[in-house]
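**Q** This structure is in structure tokens; I'll ask about it shortly.
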2 protein chains.
Amino acid sequence: MEKKKAGAAPRDYALHEQIGFFLRQASQRHVAIFANRIGDKLTTTQWAALSKLKEIQPCSQNQLGRETAMDVATIKGVVDRLAKRGLLTTLRDETDARRLVLSLTEDGHKAIARNVDAALDVSEETLKPLTTAERMMLVELLRKIS
Amino acid sequence: MEKKKAGAAPRDYALHEQIGFFLRQASQRHVAIFANRIGDKLTTTQWAALSKLKEIQPCSQNQLGRETAMDVATIKGVVDRLAKRGLLTTLRDETDARRLVLSLTEDGHKAIARNVDAALDVSEETLKPLTTAERMMLVELLRKIS
DNA sequence: ATTTTTTTATTTGTATGCAAACGAGTATCG
DNA sequence: CGATACTCGTTTGCATACAAATAAAAAAAT
């Protein structure tokens with residue numbers, strides 16, 4: 001018999017049963033697949049910023065951060081590196097002196113075009129162990145807990 | 001009609017439909033919940049290392065890294081910070097001069113005991129939007145793609 | 001027994017990721 | 001109009017996360 005203090009029922013904690021651990025593992029595998037498939041030394045985050053920018057450009061830096069679920073400090077670093085590589089441009093907004101207006105460059109468009117197929121393949125390979133029904137289910141469950 | 005080069009059917013890429021984005025979002029929410037619930041300024045990674053070490057101690061640094069799915073460079077940083085805070089000790093193995101033998105300290109055990117309930121609550125709150133059946137399904141699907 | 005391979009730990013470099021604090025510009029409301 | 005609140009971008013500090021190179025020790029192969 002285990003000794004317990006009044007009402008203090010100690011619960012067990014098994015790391016390999018926790019949802020956080022599975023989320024981290026799955027993310028790791030996805031990132032690894034991405035790194036293998038994408039040639040241009042683009043990270044998942046950089047790719048997210050580029051592809052989302054293509055959807056909504058021109059837009060401000062903070063807005064792009066919100067759309068890609070990145071912190072203001074994080075999106076700044078990502079944008080800085082992409083700008084340094086000439087994949088996007090940053091211009092001060094004329095009507096709002098705070099805003100940095102982001103736009104894809106020619107090279108940015110090319111980089112996207114060059115990697116779209118590979119990026120879609122990444123999603124495909126990540127979900128390869130699942131059936132079509134399971135894939136839809138997984139996405140739906142992840143959306144619910146996001 | 002869109003112009004295409006021979007056989008090059010351009011596919012669309014929508015960030016908000018990709019599995020990688022959902023995984024990242026869900027992980028972010030989980031980490032945020034953890035940070036809110038855990039008082040001792042422990043991160044998810046540090047908690048993973050501590051709780052796993054309790055399961056398998058004593059063990060080497062690399063072994064703990066493998067068990068917690070951390071890179072050798074990552075686990076070193078985590079172990080260093082935990083050692084600096086006095087939550088675990090590192091000793092050279094007598095029989096194998098390469099190995100760093102890790103063990104929880106008294107404070108380490110206390111920190112775990114102090115936060116086990118909260119850590120379990122983190123998993124609970126993360127999965128709160130899901131039914132019991134959905135939770136089991138999600139874990140199973142994540143396991144399959146890990 | 002010597003060579004080869006593996007394993008373990010360390011270090012460096014690059015890239016997220018978030019909290020917190022800051023300054024500057026804009027909007028709001030009394 | 002003027003005080004207040006909010007937004008945008010920046011910077012710093014800390015903590016993962018992984019690739020790659022190094023070094024030392026141990027194990028395996030010949």
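The values are calculated or read from the model by the stated rules, or taken from the named source; none is laboratory data. In this text the structure is predicted, and so the values were computed from the model without any measurement. Because the Cβ atoms are built from the backbone with ideal geometry, glycine has one as well, and the counts that use them run over all protein chains shown. Each accessible area value is taken on the protein alone, full model and side chains, heavy atoms only, with ligands, DNA and RNA left out. Shrake-Rupley method; radii C 1.70, N 1.55, O 1.52, S 1.80 Å.
**Q** Please name whichever of B:86, B:16, A:136 sits farthest to the positive end of the charge dipole of the protein assembly as shown, dipole taken about the Cα centre and charges placed at Cβ: Lys and Arg +1, Asp and Glu -1.
**A** With unit charges placed on the Cβ atoms, the residue in question is B:86.
**Q** Mean separation of Cα pairs under 8 Å and 6+ residues apart, divided by the residue count of chain A: what relative contact order is that in percent? All intermediate terms of the calculation are to be shown ahead of the outcome.
**A** On the way: 119 pairs, mean separation 32.0, N = 146.
Rounded, it is 22 percent for chain A.
**Q** Relative to the longest principal axis of the C-alpha atoms of chain B, give the angle of the C-alpha long axis of helix B:72-84, reported between 0 and 90° and rounded to the nearest 10°.
**A** Helix B:72-84 sits roughly 40 degrees off the main axis of chain B.
**Q** Ignoring ligands, DNA and RNA, how much accessible area is buried between chains B and A, both sides summed, with a 1.4 Å probe, to the nearest 100 Å²?
**A** Details: alone 10770 and 10790 Å², together 16840 Å².
What B and A bury together is about 4700 Å².
**Q** Something else about it: What accessible surface, in Å², does a 1.4 Å probe find on residue A:27, ignoring ligands, DNA and RNA and rounding to the nearest 10?
**A** Result for residue A:27: roughly 30 Å² accessible.
**Q** Shifting gears a bit: Towards the positive end of the charge dipole of the range B:42-144, with charges on Cβ (+1 Lys, Arg; -1 Asp, Glu), say which of B:46, B:72, B:105 has the farthest Cα.
**A** B:72
**Q** Over the range B:42-144, give the accessible area per residue in Å² for a 1.4 Å probe, as an integer.
**A** Accessible area per residue: 53 Å².
**Q** Mind pulling the angle between the C-alpha long axis of helix A:44-56 and the longest principal axis of chain A? Nearest 10 degrees, somewhere in 0 to 90.
**A** With rounding to tens, the tilt is 50 degrees.
**Q** Taking θ = phi - 60°, what integer Hz values does the Karplus form 6.51 cos²θ - 1.76 cosθ + 1.60 yield along the range B:130-136, in sequence order, with x for Gly and Pro?
**A** Rounded to whole hertz, the list is 10, 6, 4, 5, 5, 5, 4.
**Q** Something else about it: Under a Cβ-only charge scheme (Lys and Arg +1, Asp and Glu -1), can you give me the dipole magnitude of the protein assembly as shown about the Cα centre, in debye to the nearest 20?
**A** On the way: 48 positive and 38 negative charges, 82 e Å.
My answer is approximately 400 debye.
**Q** How far apart, in nm, are the 7 Å Cα→Cβ label points at residue A:120 and residue A:56?
**A** Taking the simple label geometry, residue A:120 and residue A:56 are separated by 2.3 nm.
**Q** While we're on this one: Of all the accessible heavy-atom surface of the range A:43-144, with the other protein chains kept in place and a 1.4 Å probe, what percent is carbon and sulfur? It would help to have the intermediate numbers written out before the result.
**A** Working: 2800 of 5440 Å².
The nonpolar share, carbon plus sulfur, comes to 51 percent.
**Q** Taking only pairs that are 8 or more places apart or on different chains, how many Lys pairs in chain B have Cα atoms under 17 angstrom apart?
**A** 7
**Q** Among B:109, B:16, B:30, whose mean-square fluctuation peaks in a Gaussian network model of chain B (Cα, cutoff 10 Å)?
**A** B:16
**Q** Okay, helix-only estimate at 222 nm for chain B: each DSSP H run of n ≥ 4 adds -39500 (n - 2.57), divide by all residues, round to 500 deg cm²/dmol; what do you get? Walk me through the numbers before you get to the answer.
**A** On the way: 6 runs with 86 residues, N = 146.
After summing the helix terms and dividing by residue count, I get -19000 deg cm²/dmol.
**Q** Can you list the residues of the range A:21-40 whose accessible area drops by at least 50 Å² going from the chain on its own to the full set of protein chains, with a 1.4 Å probe?
**A** Residues losing area: A:22, A:23, A:24, A:26.
**Q** Sticking with this structure for a sec: Could you work out how far helix B:19-37 tilts from the main Cα principal axis of chain B, as a 0 to 90 degree angle to the nearest 10?
**A** With both axes taken from Cα atoms, the answer is about 40 degrees.
**Q** Might you report the magnitude of the Cβ-based charge dipole of the range A:43-144 about its Cα centre, with Lys and Arg at +1 and Asp and Glu at -1, to the nearest 20 debye? Working shown, then result.
**A** Details: 16 positive and 15 negative charges, 55 e Å.
It works out to roughly 260 debye.
**Q** Using the Karplus equation 6.51 cos²θ - 1.76 cosθ + 1.60 (θ = phi - 60°), what ³J(HN,Hα) coupling, rounded to whole Hz, does each residue of the range A:89-105 give in order, writing x for Gly and Pro?
**A** 10, 10, 10, 5, 5, 6, 8, 10, 5, 7, 6, 9, 8, 9, 9, 6, 8
**Q** I need the shape label for the protein assembly as shown. Rule: rounded when a/c is under 1.5, else prolate if a/b > b/c, else oblate, with a, b, c from the alpha carbon gyration tensor. Walk me through the numbers on the way to the answer.
**A** Details: a/c = 2.01, a/b = 1.81, b/c = 1.11.
Prolate is the answer for the protein assembly as shown, as a/c is 1.5 or above and a/b outweighs b/c.
**Q** So what's the gap between the Cα centers of the range B:43-92 and the range A:69-146, to the nearest angstrom?
**A** The range B:43-92 and the range A:69-146 have Cα centres spaced 33 Å from each other.
**Q** Another one. For label points placed 7 Å from Cα toward Cβ, what is the shortest-first list of nm distances from residue A:117 to its copies?
**A** Counterpart label points of residue A:117 in the remaining copies fall at 5.8 nm.
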